[in-house]
Amino acid sequence: MDNISTPRLRIYFGIRSGGADLEKKRLMRDTVFLTSSSLIMRGIALVFQMWLVSRIGAAGVGLYGLVSSVSFLAATVAISGIRFATTRLVSEELGLKRIGGVGRAIRLCTAYSLFFGLAAFAILWLCAEPIGFLCVGDARTVLSLKVLSFQMPFISLSSVLYGYFAATRRIFKAAGVQMTEQLARIALVVVFLSRVPEGDLEKSCAAVSLGGTAAEVLAFGLMLSAFFSDRRRHRAKPSVSPRLPARMLNIAVPLALSAYARTSLTTLEQILVPRGLKKAGFSANAALAGYGTIQGMVFPVIFFPSCLMTSLAELIVPELTAAQVSGRKEEIRRAVSSLLKKCLLYSLFVGLMLYLLADVIGGVIYKSEEAGRYIAVFSLLVPVMYMDMVVDGCLKGLGQQVCSMGINIMDALLGVVLVYLLLPRYALTAYIAIIFFEEIFNFILSVTRLIK
């Protein structure tokens, strides 16, 4: 070991050596840090979203939402389950005290991610026109899709590094990079949009996409620098890690396949929403505006306070994995039960505050009574949404990621069918009801599996 004793390494990596209080304090510290940084980033993003809505309008936000849904599908191909696979593999190596196996796991995951990142780039670049014209049904999305294709290899490689930092309990390094990326993204989008004439939705959408792509490249460079610095400080002699490629594929491939299915269905659902609204009598821009109001204006507010839930869902994965491979079953039961009770209280409080302040939030942030009404409606769903985030994190930490994705696929498939059948007849009322149904359906199945 390079100047670090074995006990210090165990504490640094979060491997238990009888110090339960130390573990608790470290987890609390990481949670506070990750939540604080996430809160700051979401606050910045919300202010930026306010500016973006005033700059390109609800229709522009809706158009970018369609582009983002397709790009998210391409990003799913780029990642192909490797982020969680990296976290799980590294957590297993550390949990079994094979610290020297971490480097081999990272190299293996990097090769996997590079292959899928380049494949996602090629698919999105070559298929941008047929996707824009035939699938999305709006030629104004083609340019943005081509711009976004360039970020795919960087997204996949960054996922490996993020998984490493999550597993080694040094998530603060990744969080610092993400905050820098967020600020860079905003600055670049503002600069690029300043060169686009107001009212040109196609070029406005492309400018936002270009800013995001440049920020992803910058984030990868920063994440890579942080990783190399970290590995130089915490090296260990190579150790034997049985069946490492097979273990990686057993985790990543089922996750990738299920993610493809779920994201494809979700993307299809998002594409069908504006089409369904047009069939219900909305004009093209009015359909985009209605979709953009809910997805681009209301949901950022609804999910703004969920940073605590997302932090806990991220941090609980390596904790539960390490406990599971060590056979500490009773500890897992206590931890999960306590976590769910606290999350329920928090989500109920947030939902109540959003309901009471909905009109004020809609008026102050967006100067829109319609946005305020939708915030009040979706505040009723906050406890279900927030709890579901934590439940999914617990399932992944316990190796139930395939089951979790199966539930998500069922949920997405039902969403597509309902959007296709109900939106042309009941418009936005149907869309809101479908979101409620999907979230509740997903949560009931997920929590039932976790309890089992």
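I'd like to check one number: the per residue accessible area of the stretch 346-449, probe 1.4 Å, reported in Å² as a whole number.
For the stretch 346-449, the per-residue accessible area is 45 Å².
Using the structure shown, select from Lys341/Lys367; Lys396/Lys452; Lys203/Lys278; Lys173/Lys342 the pairs with a Cα to Cα distance greater than 25 angstrom.
Beyond 25 Å between Cα atoms: Lys341/Lys367; Lys173/Lys342.
Name the GluC sites (Glu not before Pro) in the stretch 114-207 that are in a loop by DSSP and that have at most 13 other C-beta atoms within 10 Å, would you?
In loop regions of the stretch 114-207 (DSSP not H, G, I, E or B), the sparsely surrounded GluC sites (Glu not before Pro) are Glu198.
Between Val160, Thr263, Thr213, whose Cα lies farthest towards the positive end of the dipole of the stretch 143-289 when Lys and Arg beta carbons carry +1 and Asp and Glu beta carbons carry -1, centred on the Cα centre?
Projecting each Cα onto the dipole axis, the largest value belongs to Val160.
Would you please state the base-10 log of I(q)/I(0) at q = 0.23 1/Å for the stretch 74-185, with intensities from the Debye formula using one equal scatterer on every alpha carbon?
-1.14
Of all accessible surface on the chain at a 1.4 Å probe, what whole percent is carbon and sulfur?
The computed percentage sits at 67.
With +1 on each Lys and Arg Cβ and -1 on each Asp and Glu Cβ, how big is the dipole of the chain about its Cα centre, in debye rounded to the nearest 20?
Approximately 1780 debye in magnitude.
Convex hull over the alpha-carbon atoms of the stretch 135-177: what's its volume per residue in Å³?
Value for the stretch 135-177: 96 Å³ per residue.
Just to verify a number: what accessible area does Val402 come out at with the full protein assembly present, 1.4 Å probe, Å² rounded to tens?
Near enough 80 Å² of accessible area.
In deg cm²/dmol and to the nearest 500, what is the mean residue ellipticity at 222 nm of the chain if only DSSP H runs of at least 4 residues count, each as -39500 (n - 2.57), divided by the residue total?
Helix-only estimate at 222 nm: -28000 deg cm²/dmol.
Rounded to the nearest 0.05, what FRET efficiency do Ala122 and Leu96 give with R0 = 35 Å and r taken as the Cβ-Cβ distance? Could you check?
0.40
Return the tail of the calculated pair distribution for the chain, meaning the percent of Cα-Cα pairs more than 30 Å apart.
In whole percent, the long-distance tail amounts to 45.
Using only Cα atoms, locate the centre of the stretch 80-120 and the centre of the stretch 296-368, then give the distance between them in Å, rounded to an integer.
Taking the Cα centre of each part, the stretch 80-120 and the stretch 296-368 sit 27 Å apart.
The values are calculated or read from the model by the stated rules, or taken from the named source; none is laboratory data. In this text the structure is predicted, and so the values were computed from the model without any measurement. Heads up, the Cβs are rebuilt from the backbone with ideal geometry, glycines too, and the neighbour counts pull from every protein chain shown. Remember, those area values only see protein heavy atoms, side chains included, never the ligands or the DNA or RNA. Shrake-Rupley method; radii C 1.70, N 1.55, O 1.52, S 1.80 Å.
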